[in-house]
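The values are calculated or read from the model by the stated rules, or taken from the named source; none is laboratory data. In this text, all values refer to a predicted model and were calculated from it rather than measured experimentally. Note: ideal-geometry Cβ built from the backbone for every residue, glycine included; neighbour counts use all protein chains shown.
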Amino acid sequence: MKVIVGIDLGTTGVKIEVYDVNGQLLSSSSSPIEKQNIDEWINCLKSAAPSKLLKRFKSDEKAIVVDSTSGSFLITDSKGNPLMPPSMYYERAPEEFNKMKSWESSEALKKLGVELSPTSPIPRLMKLHIERIKEARWILPPTTWLTYRLLFKEGEKWEELSMDWTNALKFGEDITGIEPKWFKPIFDDAGIPLSLLPSIAPCGKLLGKAESQLAEEMGLKGAYIFHGMTDGNASAIASGCVKIGDMGIGCGSTTVPKYVCQELKPHPALYYHKHPISGYLAGAAPVTGGFVDWFVKKALGVSIEEAYRLAESIQPGSEYLFFPQGDRSPFNDPAMGAAFLGLWPTEESREVVVGRLMRSMLLGIALFEYFYLKLFEDLFKSFISVVSITGGGTKSRFWNSIRASIYERPVRVMEEKVCVGAIITVLLKSGIYKSSQEAVKAFLRVVDEVQPNPELSAKYKLMKTLFLKRWEALKPIYKA
């Protein structure tokens, strides 16, 4: 192996990164996804692939690994052809979820560290009445589907598939044993045959060589292909979540706080992944940045760049209290939307009000992140000395200064390389690197480190207390 290709099939676009095994980036390219369907995905893959570069290398010199959104799925026939458009991770089935909450199997799964939500695949599959789709052969997350779409020749029957253990989690996986396995009682109660799901395999497992026409068009024909992982886990590793005690936050359309731990301690605000390398990853994944983008565009009517500019001019401490949605985390309540408290009519200009709303949302997300920092410390009896962050939401040093001042500890901004998380796992499993620290040193880069501002920390001290108390108090109001 000389080069390894990371493919990130994201919500808004495809990103492809090519590295040599020493960590040098040879190519980075992307293509935006305009709509969620398979034809669009494939066109974007072809558009983003640096095929001329890749064709310079022999087949056995290349390797491929894929990451994509967790909780999304496709329903396919026996040859991997989708029978309907992809069901995306943000789609909801609240009625079905409310039925599931009373099941003994739901409670049992929760005790194993996996708490389902209205956006989980099982309630969405129940909503689709999957058992009525006679042609269905497989239910696959995008990571698994694309991996096999590259592996198999077109028209070939897809048999004996496996799914990596990070993508399996949200479908209903028991990760408490040495080898993860499907939690059969939840599927029995939901009426979903386990025969429609692949077996479960480790991240980084070698599957074979890419033989499809799609792989050939991308310059990847004959390349070794390995099991990948969810984009959240890839992002966590890319932020430096490798050894026990590391904390990282992926900051994008969702906020993904992750903490590497040795043991699984169930908590209502957490779900757990078996770490792709060692131990467990405790975390959450609420839609935060996606809400900010929507609110700025639809309600405030300005560009995100203008909203940031206006927010910077607002006096710290004058923000409204903003509470991110609690539908997925930390309350897992399908009715709990985002909220602003402290709104009052004033004679201030529209620019000031827009800036204050934007700054309030940035502050609210930072306070949400702090909630998880403290939860990790309290639950695992540890001290987190530095928080690593990565993703599009880390590009504003202004926002990162708010984060560091809320956390009252340094924030380490990592270079945004989501594909690297999956790549590091493959290189470790293949024996190219002997230790995770050796691989991290080769592939990960710190682009900035932001220290807490004591004056800002002092101004936000009261807000930290109010945020946690009032957010908890909002929960029963939504049920009234």
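With respect to V352, determine if the residue is at pLDDT 95 or above, over 23 Å from K395 (Cβ atoms) and out of contact with any Lys or Arg (no Cβ under 6 Å at 6 or more places or on another chain).
So V352 fits the description; yes.
Restricted to strands (runs of 3 or more DSSP E) entirely inside segment 302-406, those with at least 1 residues that are surrounded by fewer than 21 Cβ atoms within 10 Å (Cβ to Cβ) are 321-323, 339-341. With respect to V65, is the statement that it is modelled with pLDDT of 95 or more, of a type in the set (V, I, T), in the same structural domain as L194 (by TED's automatic domain parsing) and surrounded by 21 or more Cβ atoms within 10 Å (Cβ to Cβ) true? Judged against the criteria, V65 is a match. When segment 10-47 is limited to residues that are within 19 Å of the chain's Cα centre (by Cα) and under 18 Å from L427 (Cβ atoms), the one that is surrounded by the most Cβ atoms within 10 Å (Cβ to Cβ) turns out to be I16.
Counting just the residues of segment 169-200 that are more than 21 Å from Q262 (Cβ to Cβ) and touching a Pro at 6+ places or on another chain (Cβ under 7 Å), which one comes out surrounded by the most Cβ atoms within 10 Å (Cβ to Cβ)? It comes out as F171.
If you go through segment 209-224 one residue at a time, do you hit one that is surrounded by 14 or more Cβ atoms within 10 Å (Cβ to Cβ), of a type in the set (F, W, Y) and touching a helix residue (DSSP H, G or I) at 6+ places or on another chain (Cβ under 6 Å)? Give the derivation first.
To start, the set of residues in segment 209-224 that are surrounded by 14 or more Cβ atoms within 10 Å (Cβ to Cβ) comprises 209-212, 214-224.
Still in the running and of a type in the set (F, W, Y): 224.
Adding the requirement that they be touching a helix residue (DSSP H, G or I) at 6+ places or on another chain (Cβ under 6 Å) leaves none.
No, every residue in segment 209-224 fails to be surrounded by 14 or more Cβ atoms within 10 Å (Cβ to Cβ), of a type in the set (F, W, Y) and touching a helix residue (DSSP H, G or I) at 6+ places or on another chain (Cβ under 6 Å).
Contact list please: Cβ distance under 7 Å, first residue in segment 169-184 and assigned by TED's automatic domain parsing to the domain that holds S70, second residue among the acidic types (D, E), pairs at least six apart or on different chains. Close Cβ pairs satisfying both conditions: P180/E173; P180/D174; K181/D174; W182/E173; F183/E173; F183/D174. A count restricted to segment 431-480 and to residues that are modelled with pLDDT under 95, surrounded by 14 or more Cβ atoms within 10 Å (Cβ to Cβ), over 27 Å from the mean Cα position of the chain (by Cα) and part of a loop (DSSP other than H, G, I, E, B) stands at 0. Looking at segment 168-181, can you tell me whether even one residue there is within 16 Å of S87 (Cα to Cα) and among the polar types (S, T, N, Q)? The answer is no, given that none of the residues of segment 168-181 is within 16 Å of S87 (Cα to Cα) and among the polar types (S, T, N, Q).
Each row is one residue, and each column tells you yes or no for (1) within 24 Å of the chain's Cα centre (by Cα); (2) in contact (Cβ under 8 Å) with a residue 24 or more places away in the chain; (3) farther than 26 Å from R92 by Cα.
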site: G326; (1), (2), (3): yes, yes, no
site: N332; (1), (2), (3): yes, yes, no
site: L343; (1), (2), (3): no, no, yes
site: E348; (1), (2), (3): no, no, yes
site: G355; (1), (2), (3): no, yes, yes
site: M358; (1), (2), (3): yes, yes, yes
site: G364; (1), (2), (3): yes, yes, no
site: Y372; (1), (2), (3): yes, yes, no
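Okay, residues lined up against (1) under 29 Å from V5 (Cα atoms); (2) modelled with pLDDT under 90; (3) of a type outside the set (V, I, T):
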| position | (1), (2), (3) |
| --- | --- |
| G71 | yes, no, yes |
| M84 | yes, no, yes |
| E91 | no, no, yes |
| L109 | no, no, yes |
| P118 | no, yes, yes |
| K127 | no, no, yes |
| R132 | no, yes, yes |
| W138 | yes, no, yes |
| L146 | yes, no, yes |
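Note on segment 14-106: enclosed helices (runs of 4 or more DSSP H) holding 1 or more residues that are of a type outside the set (S, T, Y), within 16 Å of T119 (Cβ to Cβ) and free of Cβ contacts under 8 Å to residues at least 40 places away in the same chain are 94-100. Take E173 and decide whether it is over 16 Å from S68 (Cβ atoms) and under 19 Å from the mean Cα position of the chain (by Cα). Yes; evaluated as a whole, the condition is true for this residue.
For L428, are the conditions met, namely being among the hydrophobic types (A, V, I, L, M, F, W, C), in the same structural domain as V256 (by TED's automatic domain parsing) and either in contact (Cβ under 8 Å) with a residue 60 or more places away in the chain or not in a helix (DSSP H, G or I) (or both)?
When the stated conditions are applied, L428 does not pass them.
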